Amino acid sequence: MTAPAILPARGLADRLTGTFWRRPGLLLVLLITPPLLWLGVVYLGSLAALLLQSFYSIDEFSGVVKEEFTLKTYAELFRAQNLDIIIRTIVMAMAVTLACAVLAFPIAYYAARHAKGAWKAAFYLGVMLPLWSSYLVKVYAWKLILAKEGILGWAAEGTGTGFIIDGILSIPGLEGSSLSTSPFGTFLVFVYIWLPYMILPMQAALERVPNSMLEASADLGATRGQTFRTVILPLALPGVIAGSIFTFSLTLGDYIIPQIVGDSSRFIGLTVYQLQGTAGNTPLAAAFAVVPILIMLVYLSLAKRAGAFNAL
Amino acid sequence: MNRLKLLGTTTLALMTGFSPVLAQVTEIGAPEGQVNIVAWPGYIERGETMKEFDWVTKFEQASGCKVNVKTANTSDEMVALMNEGGFDLVTASGDASLRLVAGDRVQPINIDLIPSWSTVDDRLKSAPWHTVDGVHYGVPYMWGPNVLMYNTEVFPEPPTSWNVVFEEMTLPDGKSNKGRVQAYDGPIHIADAAQYLMFHKPELGITSPYELNEDQYKAALDLLRVQRTLVSRYWHDAFIQIDDFKNEGVVASGSWPFQRNLLQADGQPIASVIPQEGATGWADTTMMHVDAANPNCSYLWMEHSLSSNLQSDLAVWFGANPAVPAACTDGRGMSTAETCTANGMDDFERIRFWTTPVSNCSQGEGACVPYYRWVSDYIGVIGGR
């Protein structure tokens, strides 16, 4: 007696499995609908609502939002004080990104190509560790480090290097009574907070550079400098750009750091927070929120041209 | 057609005008078992932050109404929560209360149902931020001044004027005030500048720091631009300001008694004063939602807020002043005549309470600069414009 080739379905689960096997498309639809709904409704939907808001305006007289299509709110972005905010934010984001790239490259290079075994683990841990503690705690800690009577000021006084801090604070645009009230302090904290997001993609890119290419380069008589410039750097560039996307966009949107460290000058994130939260000027807040989106679109298209997404 | 329109609008006006009055509660029935309150952080304590600060537990035991608190950090958040609904009470500041009344979000209070109403400070009973056309839309809760806090080592004598934070000058310790003073990081600070001008430039004709016409407003902004050159950082979070007074060399700033109390408790050489120009301040009111699901518990809570240890202990906890003056002296809580004086209890007349600037003011229809412009211009001033 042999068993039949097709067993009768033993219950609901068997029938379901059968249905899915016969119609693989059905399973796909079932699996993909929730994330698609999430992306479409919650994510893109809220973005569309934001865009819509930015085309409304606030009634000058009563301060009530007028739900009529207008470009007036966008025109307001070009008022001097608002342009200041946009330029200030972009300059800060660029400076932070550059500093992060310069600082992160040697670290990522060493971790990816030289560190071995326990050292490698220690490097990973060292880079990741700051991400384990609360963001706010780190920012408050930096406020104390940079304060006039903080550790840095104390150490500078003890070693007679206070003139360096005074020198930085006397540069036009970076003035403040201490590092913690100077835009330079804001910059330092931004660099510290976002550095891991630059190191990790860089390290991943550097690890993928094949040793054989370096050997070939050496065999062909290239010096170490030439190998670095013509082989390693171009191959690692997508990682650098990927990291810069993180640091750039995170700096563009942050609204906590400039509130705690710095001279209280507004950045885009903080302005949005205030316009929406305390002024009830949602249209202008929405228009401001569109600015980083546009900047990032330009940035991403430039990054794409540079080949940052070729590895995807 | 026009008559019809007129008739329609009149009926509408009558309905919107009177329906809340009709909705007023006439007697307190059986407690519903809970009351939902929107409150400032620290306003409703049940002994969980510090054991001795508790004004909820006893109320819950006595009334059988469980108190559910939703904290809100800004007046706008409070207005938004009340618009959403689902709450019974809110502790609204003067820059939110009238918006709630105008938006028909709160209902008139039948003061006959609140036995302790008679104990409320006479100056607050019919305050314009909760009483409209003689109708009470709330029960006063707490009030406090925005004082000038200073370092006693730099100022052996209390400063007599707000000029230490508005104009460049040499402080008693021989050094400039540049980089050593702070200002509030909120557009309402424009009112402080206006109040300063009210005293020093009477020719501007400012009658209220919350009702400024274009010229008066411009003068206030100019003053704030001078202040920008003196201030290295604006304060916005009470604890950051406390830290700045300790570690950043800040010696004078507009502040709240809350920070002063904490700094003094920490042994810092800090005191505060209300200078000759007077001060701005805030006054909060417990208001009841127009669709409150738990009106009986709400009324019981409002009575409790006036009659219990709440007024006295909250005043100490928050560095504020009770709406019931007797709470300072009758020993129902931790307040004493001294703590109340320190919090500014005797300076009521010198305080101009926060209200939302609107364009239709006592100077005429559309004569005043509305709040949303205060916000964008103050951003400009802080940005160095």
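The values are calculated or read from the model by the stated rules, or taken from the named source; none is laboratory data. Worth saying up front: this structure is predicted, and the values here are computed from it rather than measured. So basically every Cβ, Gly included, is an ideal-geometry build from the backbone, and we count neighbours across all protein chains shown.
When A:174, A:169 are checked against the criterion of being within 27 Å of the chain's Cα centre (by Cα) and closer than 30 Å to residue B:385 by Cα, a single residue qualifies: A:174. Summed over segment A:137-167, the residues that are more than 11 Å from chain B (Cβ to nearest Cβ) and more than 18 Å from residue A:259 (Cα to Cα) give a count of 14.
Residue B:384 passes every criterion in (1) within 13 Å of another protein chain (Cβ to nearest Cβ); (2) without any contact (Cβ under 8 Å) to a residue 40 or more places away in the chain; (3) assigned to a loop (DSSP other than H, G, I, E, B) apart from (2).
The rows are residues; the columns are (1) within 12 Å of chain A (Cβ to nearest Cβ); (2) aromatic (Phe, Trp, Tyr); (3) surrounded by fewer than 17 Cβ atoms within 10 Å (Cβ to Cβ).
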site	(1), (2), (3)
B:160	no, no, yes
B:165	no, no, no
B:175	yes, no, yes
B:179	yes, no, no
B:185	yes, no, no
B:189	yes, no, no
B:196	no, yes, no
B:201	no, no, yes
B:206	no, no, no
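Within segment A:124-137, residues that are more than 16 Å from residue A:109 (Cα to Cα) and aromatic (Phe, Trp, Tyr) reach no partner that is assigned to a loop (DSSP other than H, G, I, E, B) and at pLDDT 90 or above with beta carbons closer than 6 Å at six or more positions or on different chains. Answer yes or no: is there a residue in segment B:215-224 that is surrounded by fewer than 22 Cβ atoms within 10 Å (Cβ to Cβ), within 23 Å of residue B:264 (Cβ to Cβ) and of a type outside the set (A, V, I, L, M). Looking for residues that are surrounded by fewer than 22 Cβ atoms within 10 Å (Cβ to Cβ), within 23 Å of residue B:264 (Cβ to Cβ) and of a type outside the set (A, V, I, L, M), one finds none in segment B:215-224, hence no. Where helices (runs of 4 or more DSSP H) fall entirely within segment A:103-205, those with at least 1 residues that are of a type in the set (Asp, Glu) are at A:151-159, A:162-170. Restricting attention to segment B:73-105, the residues that are within 14 Å of the chain's Cα centre (by Cα), touching a residue at least 60 places away in the same chain (Cβ under 8 Å) and not in a helix (DSSP H, G or I) add up to 4.
The number of residues in segment A:16-61 being under 16 Å from residue A:282 (Cα atoms), of a type in the set (Ser, Thr, Tyr) and in a helix (DSSP H, G or I) comes to 2.
Here A:29, A:41 are screened, and the one residue that is under 25 Å from the mean Cα position of the chain (by Cα) and more than 13 Å from chain B (Cβ to nearest Cβ) is A:41. Say whether the condition of being free of Cβ contacts under 8 Å to residues at least 12 places away in the same chain, more than 14 Å from chain A (Cβ to nearest Cβ) and closer than 21 Å to residue B:152 by Cβ is met by at least one residue in segment B:243-254. No, there is no match, as no residue in segment B:243-254 is free of Cβ contacts under 8 Å to residues at least 12 places away in the same chain, more than 14 Å from chain A (Cβ to nearest Cβ) and closer than 21 Å to residue B:152 by Cβ. Scanning segment B:167-181 for residues that are of a type in the set (A, V, I, L, M, F, W, C) and either in a loop (DSSP other than H, G, I, E, B) or farther than 17 Å from residue B:254 by Cβ (or both) turns up B:169, B:171.
The requirement of being under 30 Å from residue B:385 (Cβ atoms) and either in contact with a Lys or Arg (Cβ under 9 Å, 6 or more places away or on another chain) or of a type in the set (Lys, Arg) (or both) is not satisfied by residue A:111.
Inspect all residues belonging to segment A:101-112 and state whether any of them is surrounded by 12 or more Cβ atoms within 10 Å (Cβ to Cβ), hydroxyl-bearing (Ser, Thr, Tyr) and within 14 Å of chain B (Cβ to nearest Cβ). Scanning segment A:101-112, I find no residue that is surrounded by 12 or more Cβ atoms within 10 Å (Cβ to Cβ), hydroxyl-bearing (Ser, Thr, Tyr) and within 14 Å of chain B (Cβ to nearest Cβ), so the answer is no. Can you find a residue that is in contact with a Pro (Cβ under 9 Å, 6 or more places away or on another chain) and β-branched (Val, Ile, Thr) anywhere in segment B:246-266? No, every residue in segment B:246-266 fails to be in contact with a Pro (Cβ under 9 Å, 6 or more places away or on another chain) and β-branched (Val, Ile, Thr). Here the condition is being away from chain B (no Cβ under 13 Å) and small (Gly, Ala, Ser); of A:134, A:177, A:170, it holds for A:134 alone. Looking only at residues of segment B:78-127 that are under 20 Å from residue B:280 (Cβ atoms) and of a type in the set (Gly, Ala, Ser), we find that the one that is surrounded by the fewest Cβ atoms within 10 Å (Cβ to Cβ) is B:127. The set of residues in segment B:288-307 that are surrounded by fewer than 23 Cβ atoms within 10 Å (Cβ to Cβ) and in contact with a Lys or Arg (Cβ under 7 Å, 6 or more places away or on another chain) contains only B:290. Could you list all residues from segment B:276-316 that are aromatic (Phe, Trp, Tyr) and under 26 Å from residue B:26 (Cβ atoms)? Matches in segment B:276-316: B:299, B:301. Scanning segment B:335-350 for residues that are closer than 12 Å to residue B:147 by Cα and not in a helix (DSSP H, G or I) yields a count of 2. A single member of A:238, A:283 is away from every other protein chain (no Cβ under 14 Å) and either closer than 22 Å to residue A:83 by Cβ or not aliphatic (A, V, I, L, M) (or both), and it is A:238. Evaluated against (1) within 19 Å of the chain's Cα centre (by Cα); (2) outside any helix (DSSP H, G or I); (3) hydroxyl-bearing (Ser, Thr, Tyr), residue A:70 falls short on exactly one condition, (1). Filtered by the rule that a residue be farther than 23 Å from residue B:30 by Cβ and part of a strand (DSSP E or B), segment B:48-71 gives B:54, B:70, B:71.
Exactly one residue out of B:58, B:70, B:51 is within 29 Å of the chain's Cα centre (by Cα), modelled with pLDDT of 85 or more and exposed (fewer than 10 other Cβ atoms within 10 Å of the Cβ), and it is B:51. Checking the stated criteria, residue A:225 turns out not to satisfy the condition of being in a loop (DSSP other than H, G, I, E, B), more than 14 Å from every other protein chain (Cβ to nearest Cβ), free of Cβ contacts under 8 Å to residues at least 12 places away in the same chain and over 28 Å from the mean Cα position of the chain (by Cα). Each residue in segment B:332-373 was checked for being small (Gly, Ala, Ser), in contact (Cβ under 8 Å) with a residue 60 or more places away in the chain and within 14 Å of chain A (Cβ to nearest Cβ), and 1 pass.
Pairing residues of segment A:249-260 that are within 14 Å of chain B (Cβ to nearest Cβ) with residues that are of a type in the set (Phe, Trp, Tyr) and assigned to a helix (DSSP H, G or I), at Cβ distances under 8 Å and at least 6 apart in sequence or on separate chains, gives A:255/A:273; A:256/A:135; A:257/A:190; A:260/A:140.
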